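Read the structure below first, then the notes.
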Amino acid sequence: MKISSLGYVGVGGPRAGEWAKFGPEILGTPLWTEAAVEGVYLRLDERAYRIAVHPAARDELQYVGWEVSGPAALEEAAADLGRAGLAAARGSADECRRRAVEGLVVFRDPWGLRHELFYGQRSLLSFRPTRDISGFVTGGLGMGHVVLVLPELAAATRFFVDTFGFRLSDFIDLPFPLAFFHCNPRHHTLAVGQMGPMVGLHHVMLEVKDLNDVGTTYELCKKSGVPLSMDLGRHSNDRMLSFYVRTPGGFEIEYGWGGLLIDDAAWQVLRLPKPSYWGHELVNPAPPTTIYPVG
Ligand SMILES: [Fe+2]
């Protein structure tokens with residue numbers, strides 16, 4: 001199937017309400033307040049929302065929304081999922097309304113995480129960050145990237161290449177084995193890491209347009225006492241200059257600038273020994289609370 005980009009991410013947790021301040025005041029993301037489902041909805045661009053945070057008993061990834069180009073691509077994807085032996089359900093009119101999309105197909109991957117394919121997400125036509133930052137790199141590159149933890153890296157790599165139609169970007173061995181995938185020029189839209197028999201969400205990356213936006217947000221986190229999980233650094237594979245904050249949702253947001261774009265005609269898949277040229281010092285060694293033992 002042909003996925004264009006990462007469209008939205010839905011998470012849940014007991015501290016969902018805190019995002020109403022954390023998003024606008026720290027990340028610079030305005031809120032969308034007309035949603036049909038209870039939660040805090042963060043905007044990164046003209047789209048109605050990109051991150052949805054719902055009240056829940058525990059910190060958890062609830063769904064990952066993958067954008068396809070339109071109804072034909074959605075039909076094709078549903079057929080591909082059927083051929084791959086996955087139970088894919090059409091989203092009802094009410095489910096589409098709740099996600100603010102025109103068309104929706106929902107399924108679970110072999111490790112139980114919920115994925116949603118969609119087209120026709122609502123646009124609000126205008127966007128303005130809530131802090132003095134230049135804004136987020138989205139458009140055809142999607143909202144950023146998501147890093148999942150799954151218990152079988154080799155099987156997951158086959159699954160996302162064969163079933164999702166993603167292309168391999170590279171592998172990194174440390175701090176745990178990771179595989180990186182792209183579906184548009186953004187170096188990776190998805191990465192999968194293996195941390196023993198665990199499954200869940202590690203982090204979501206948001207890319208800003210100006211290096212100073214990383215700097216001012218970093219400074220703001222330090223001054224406001226927002227806990228960092230990894231300090232400033234530059235990644236070895238996608239060249240992202242970034243830091244990681246521990247969000248009120250228990251997972252991390254990587255706030256970065258300068259991500260590499262891939263030209264598939266010339267790309268070569270490498271295995272890299274470490275994730276960063278410099279920095280990314282681990283400040284909080286506790287794993288995200290959105291990662292759980294399998295089963
Ligand atoms: Fe990342």
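Yes or no: segment 57-75 includes at least one residue that is farther than 25 Å from Arg186 by Cβ, surrounded by 15 or more Cβ atoms within 10 Å (Cβ to Cβ) and not charged (D, E, K, R). So far as segment 57-75 goes, no, none of its residues is farther than 25 Å from Arg186 by Cβ, surrounded by 15 or more Cβ atoms within 10 Å (Cβ to Cβ) and not charged (D, E, K, R). Only residues that are more than 14 Å from the ligand (Cβ to nearest atom) and either crowded, with 21+ Cβ neighbours inside 10 Å or under 18 Å from the mean Cα position of the chain (by Cα) (or both) were counted across segment 263-291, and they come to 4. Among the residues of segment 126-146, is any more than 16 Å from the ligand (Cβ to nearest atom), in a helix (DSSP H, G or I) and either at pLDDT below 95 or touching a strand residue (DSSP E or B) at 6+ places or on another chain (Cβ under 9 Å) (or both)? Yes, the conditions are met somewhere in segment 126-146. Among the residues of segment 183-203, those that are in a strand (DSSP E or B), within 14 Å of the ligand (Cβ to nearest atom) and either buried (at least 23 other Cβ atoms within 10 Å of the Cβ) or among the hydrophobic types (A, V, I, L, M, F, W, C) (or both) comprise Arg186, Leu190, Ala191, Val192, Leu201, His202, His203. Listed by position, the strands (runs of 3 or more DSSP E) enclosed by segment 35-103 that each have at least 3 residues that are within 16 Å of Gly10 (Cβ to Cβ) and not hydroxyl-bearing (Ser, Thr, Tyr) are 51-55, 60-67.
When segment 3-34 is filtered for residues that are buried (at least 20 other Cβ atoms within 10 Å of the Cβ) and assigned to a helix (DSSP H, G or I), the ones remaining, listed by number, are Ala16, Trp19, Phe22, Gly23, Ile26, Leu27. Of the residues making up segment 242-262, those that are hydroxyl-bearing (Ser, Thr, Tyr) and either within 12 Å of the ligand (Cβ to nearest atom) or more than 20 Å from the chain's Cα centre (by Cα) (or both) are Ser242, Tyr244, Tyr255.
Out of Leu220, Leu206, one residue alone is more than 12 Å from the ligand (Cβ to nearest atom) and modelled with pLDDT of 95 or more. It is Leu220.
Return yes when Arg239 is on the phi > 0 side of the Ramachandran plot, surrounded by fewer than 20 Cβ atoms within 10 Å (Cβ to Cβ) and within 16 Å of the ligand (Cβ to nearest atom) and no when it is not. For Arg239, the condition - on the phi > 0 side of the Ramachandran plot, surrounded by fewer than 20 Cβ atoms within 10 Å (Cβ to Cβ) and within 16 Å of the ligand (Cβ to nearest atom) - is met.
The number of residues in segment 151-176 being part of a helix (DSSP H, G or I) and out of contact with any Pro (no Cβ under 9 Å at 6 or more places or on another chain) comes to 6. Scanning segment 76-106 for residues that are in contact (Cβ under 8 Å) with a residue 40 or more places away in the chain and closer than 21 Å to Leu124 by Cβ, we see that the one that is surrounded by the most Cβ atoms within 10 Å (Cβ to Cβ) is Arg99. Looking across segment 247-270, the residues that are touching a residue at least 40 places away in the same chain (Cβ under 8 Å) and small (Gly, Ala, Ser) come down to Gly249, Gly250, Gly256, Gly258, Gly259.
The values are calculated or read from the model by the stated rules, or taken from the named source; none is laboratory data. This one's a predicted model, so the numbers in the text were calculated from it and none came from an experiment. All Cβ positions, glycine included, derive from the backbone under ideal geometry; neighbour counts span all protein chains shown.
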